1. Output yes when any residue across region 174-181 is closer than 16 Å to L245 by Cβ and either outside any helix (DSSP H, G or I) or in contact with a Pro (Cβ under 9 Å, 6 or more places away or on another chain) (or both), and no when none is.
2. Among the residues of region 194-216, are any touching a Phe, Trp or Tyr at 6+ places or on another chain (Cβ under 7 Å) and either under 18 Å from P103 (Cα atoms) or in contact (Cβ under 8 Å) with a residue 12 or more places away in the chain (or both)?
3. What pairs come up if the first residue lies in region 81-106 and is more than 17 Å from V220 (Cβ to Cβ), the second is of a type in the set (V, I, T) and at pLDDT 75 or above, and their beta carbons are under 8 Å apart, counting only those six or more places apart or on different chains?
4. Spot the failing condition for Y104; the list is (1) out of contact with any strand residue (DSSP E or B) (no Cβ under 6 Å at 6 or more places or on another chain); (2) of a type outside the set (A, V, I, L, M); (3) within 28 Å of S238 (Cβ to Cβ); (4) surrounded by fewer than 19 Cβ atoms within 10 Å (Cβ to Cβ), and only one is missed.
5. Please name all residue pairs, on different chains or six or more residues apart, with Cβ atoms under 7 Å, provided the first residue is in region 240-259 and is over 26 Å from A223 (Cα atoms) and the second residue is at pLDDT 95 or above and assigned to a helix (DSSP H, G or I).
6. Looking at (1) of a type in the set (V, I, T); (2) in contact with a Phe, Trp or Tyr (Cβ under 7 Å, 6 or more places away or on another chain); (3) at pLDDT below 90, can you tell me which one V91 breaks?
7. R133 is checked against (1) under 22 Å from L30 (Cα atoms); (2) touching a helix residue (DSSP H, G or I) at 6+ places or on another chain (Cβ under 7 Å) and fails just one. What number does that condition carry?
8. Whether any residue in region 240-256 is among the basic types (K, R) and surrounded by fewer than 16 Cβ atoms within 10 Å (Cβ to Cβ) is what I want to check.
Amino acid sequence: MARRKDPLPSSSSEKDYRINTSLSRGLAILKAFSPDNRPIGNAEIASRVGLPKATISRLTYTLTELGYLKYDEDIGRYSLGPAVLTLGYDVMAQMEIRDIARPYMQELANYADASIYLGAPNETEFIYVEACRTPGSMAIRLGVGSRIPMSTTGMGRAYLAALPDAEREALITQIAQGYGEDWPEVEAKMRREISQAQERGFALSHGDWVAEANSAGAVVRRADGGPVYALNVGGLRSVVTTERLEADLGPRVLGVAKQIEHFARGML
């Protein structure tokens, strides 16, 4: 499946003049890098964010000078620089929810021999804010700070299922902009899992994002019932099978979400 392209905030037909275009473009470039931080060149960045290569060249030079990107002269490509870490460090340090969630997540990770993640929604993606793994679950190397799509993951689909109808449809409209001709297939699978999640409390992904992996997700809700975080349990399809997710791990990740809600009461 083609990589989803996120539309730039400045692409709206009704331009908001309070938005700084250069800033929004610079942030879009930082988001263009995949979770493994594979080095990419200006042409690939331009394709991912939908801007001319000349514009990208000026912005990547600036971001490199500021330490947000690193440039490898031998291969002529960029990767994320250490200054990016400062953008989220203070927020992460203040997230007490991670301390509450960690023991319950690790208990499930040990039981399932799988990876368990806690994520926070950000536009059409989730960002991992906590990760618990076992040595046997390290085949898929994602960690805190990794971004995953809502439409094709258990975590994202569970979140969409928990939203009020109007809010969900508005977000789905935004998600659709990034898929082009792939959207009908993505939407059909997503809506099927959303419907299932509304009945059983957790949503599945059957290799829909990473072909070799399955996952189940459940939301952590505020006192008013609105979703605020989500959990994911997942791993290689040979170990974390669909049958295992449906019968065992899906209900268990939902149970972990309920435990976190209970002990985080007053914080969410």
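The values are calculated or read from the model by the stated rules, or taken from the named source; none is laboratory data. Only a predicted model underlies this, so the values are computations on that prediction, with no experimental measurement involved. Here the Cβ positions follow ideal geometry from the backbone for every residue, glycine too, while neighbour counts run over all protein chains shown.
1. First, the residues of region 174-181 that are closer than 16 Å to L245 by Cβ: none.
Looking through region 174-181, none of the residues is closer than 16 Å to L245 by Cβ and either outside any helix (DSSP H, G or I) or in contact with a Pro (Cβ under 9 Å, 6 or more places away or on another chain) (or both).
2. Step one: filter region 194-216 for residues touching a Phe, Trp or Tyr at 6+ places or on another chain (Cβ under 7 Å), giving 216.
Okay, now just the ones that are also either under 18 Å from P103 (Cα atoms) or in contact (Cβ under 8 Å) with a residue 12 or more places away in the chain (or both), so 216.
Yes.
3. That search, which allows pairs on different chains as well, returns G81/T64.
4. Y104 satisfies all of (1) out of contact with any strand residue (DSSP E or B) (no Cβ under 6 Å at 6 or more places or on another chain); (2) of a type outside the set (A, V, I, L, M); (3) within 28 Å of S238 (Cβ to Cβ); (4) surrounded by fewer than 19 Cβ atoms within 10 Å (Cβ to Cβ) except (4).
5. V240/L249
6. Evaluating V91 over (1) of a type in the set (V, I, T); (2) in contact with a Phe, Trp or Tyr (Cβ under 7 Å, 6 or more places away or on another chain); (3) at pLDDT below 90 leaves (2) as the failure.
7. All conditions are met except number (1).
8. Step one: list which residues in region 240-256 are among the basic types (K, R), which gives 244, 252.
Pick out the ones that are also surrounded by fewer than 16 Cβ atoms within 10 Å (Cβ to Cβ) and you get none.
The answer is no; no qualifying residue exists.
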